[in-house]
Amino acid sequence: MINIDKGVSIILHDWLNVKRDELIHFITDETHLRELEAISRWAYGADAVLKTTVLPHHLVQKGDVIEKMADIFSNENVIIGATDYSFITTNAVKKATKNGARFLSLPLSCADGSSLIENDFITMDPRAAMKDARRILRFMENGKIVRVTTRKGTDMCFEIRGRKAGYFNGQARKKGETASSSFEVYVAPIEDKTRGTLILDASFGYIGLVKNPVRIEFEKGKIVSCQSKGNDAEKLMDYIRSFNSENMFRPGELGIGLNRISKTRGVSYIEDESAYHTFHIGMGRNFGLGGKQDAAGHFDLVTNDPTIEVDGKIIMKDGDLVV
């Protein structure tokens, strides 16, 4: 664990390059006032201007309350989304960055009572993650089909023809940049084309670790079956149904973890999906990732040790980059 003030300095200085007199809009909820106090100390010491919005915890995941805030983002230099849930996939963020704001998605949800800003994985070197990302992106740039397999039986195909892949490494230092504390390569696959079998064995994102591997079948960009020993499959399907949104059953993202300090511990979903040696399927909304799919939320299914091919070229073998 690191000191929370050190963590804040990594985020505001190293990742966001906040300068004197810049306006930071820190959006959080009532469960994260300790982080708000730490951000306030840093802003005061750096002569930055801090604006805060504290939202009811239960309103953020579906994104509606964030979409209603879109018009007030127009004059801000830096926006930090620091509720329990990510809203990087909303149109409001897309609009704000188009107007020149720098946006950081900093979902603070931690199951053990710690602050994400205290966790060691945020000390990962953004430059090293960027180098790994570029090794992957040069194959995805004009890619058509990504195939992901694992020794446990995963065999998934994602069509990415015409979709622009990108990466997150925490940093949004220039006007209009979007960043996430999840260090990853991402692409929004063509929404109705994803198909195959996923043997989910790492993390359910917000709802923690997988106890028994879950077999999920996808056809035409939608979950068509979900099975496991024990109640893991039922737990997942109940969670998806709780959104009351049909598109939550549809993949909106393929992600590849880049953070070599992160581990899949089930404490922070951001740490889980960032972990090197993993890939994830982001379910639901994907506007901010280059896709066209609306939904009542976004969450990620994280799986270990993938072999990843782009148009038949292997770029990752059993979780390790080979290009």
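We did not get these values from a lab; they are worked out from the coordinates using the rules stated. Please read all numbers here as calculations on a predicted model, not as lab measurements. Methodologically, a virtual Cβ is constructed for each residue, glycine included, from the backbone with ideal geometry; neighbour enumeration extends over all protein chains shown.
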Computed lengthening from E67 to N231, 0.36 nm per intervening residue step minus Cα-Cα distance
55.6 nm
Given charges of +1 on the Cβ of Lys and Arg and -1 on the Cβ of Asp and Glu, with all other atoms neutral, how large is the dipole of the stretch 4-122 about its Cα centre, in debye to the nearest 20?
460
According to the square roots a ≥ b ≥ c of the eigenvalues of the Cα gyration tensor, what is the shape class of the stretch 4-122, taking rounded for a/c under 1.5, prolate for a/b larger than b/c otherwise, and oblate for the remainder?
oblate
Treating only the Cα positions of the stretch 114-169 as identical point scatterers, give the base-10 log of I(q)/I(0) from the Debye formula at each q in 0.15, 0.24, 0.25, 0.26 Å⁻¹.
-0.66, -0.94, -0.96, -0.98
Consider just the alpha-carbon atoms of the stretch 54-181 and return their Rg together with their Dmax, both in angstrom.
17.0, 50
Helix 33-45 versus the longest principal axis of the chain: what angle, 0 to 90°, nearest 10, using Cα atoms?
50
Suppose only helical runs count, i.e. DSSP H with n ≥ 4. What mean residue ellipticity at 222 nm does that imply for the chain under -39500 (n - 2.57) per run, divided by all residues and rounded to the nearest 500 deg cm²/dmol?
-5500 deg cm²/dmol
What's the center-to-center distance, using Cα atoms, between the stretch 256-323 and the stretch 91-119 in Å?
18
In which sequence would V185, V224 go, from the one with the fewest C-beta neighbours within 10 Å to the one with the most?
V224, V185
Which of H280, H32, H13 comes first, and how do the rest follow, when ranked by fewest Cβ neighbours within 10 Å?
H13, H32, H280
At what distance in angstrom do the alpha carbon centres of the stretch 191-220 and the stretch 146-171 lie from each other?
13
Expressed as an acute angle from 0 to 90° and rounded to the nearest 10, what is the orientation of the C-alpha long axis of helix 232-241 relative to the principal long axis of the chain?
60
In nm, what is the difference between 0.36 nm times the number of residues separating K220 and N142 and their Cα-Cα distance?
25.9 nm
Filtering trypsin sites (Lys or Arg not before Pro) in the stretch 1-110 by DSSP loop and by at most 16 other Cβ atoms within 10 Å leaves K19, R20, K68
Can you figure out the FRET efficiency of S40 with L321, using R₀ = 41 Å and their beta-carbon distance, to the nearest 0.05?
0.55
Pairs over 26 Å Cα to Cα, from K164/K211; K229/K292; K51/K174; K131/K152; K68/K292; K51/K292, come to K164/K211; K229/K292; K131/K152; K51/K292
Electrostatic dipole magnitude of the stretch 264-323 [Cβ: Lys, Arg +1; Asp, Glu -1; Cα centre; debye, to 20]:
180
Under 5 Å between amide H atoms, partner at least 5 residues away or on a different chain: which partners does R102 have, H built in plane at 1.01 Å?
V78, I79, G176
Give me the number: length gained by fully extending K292 to K6, i.e. 0.36 nm times residue separation minus the C-alpha to C-alpha distance, one decimal in nm.
99.2 nm
Just to confirm the number: angle between the C-alpha axis of helix 126-140 and the first principal axis of the chain, 0 to 90 degrees, nearest 10?
40
Quick one: dipole size for the chain, taken about the Cα centre, charges +1 on Lys/Arg Cβ and -1 on Asp/Glu Cβ, in debye to the nearest 20.
1020
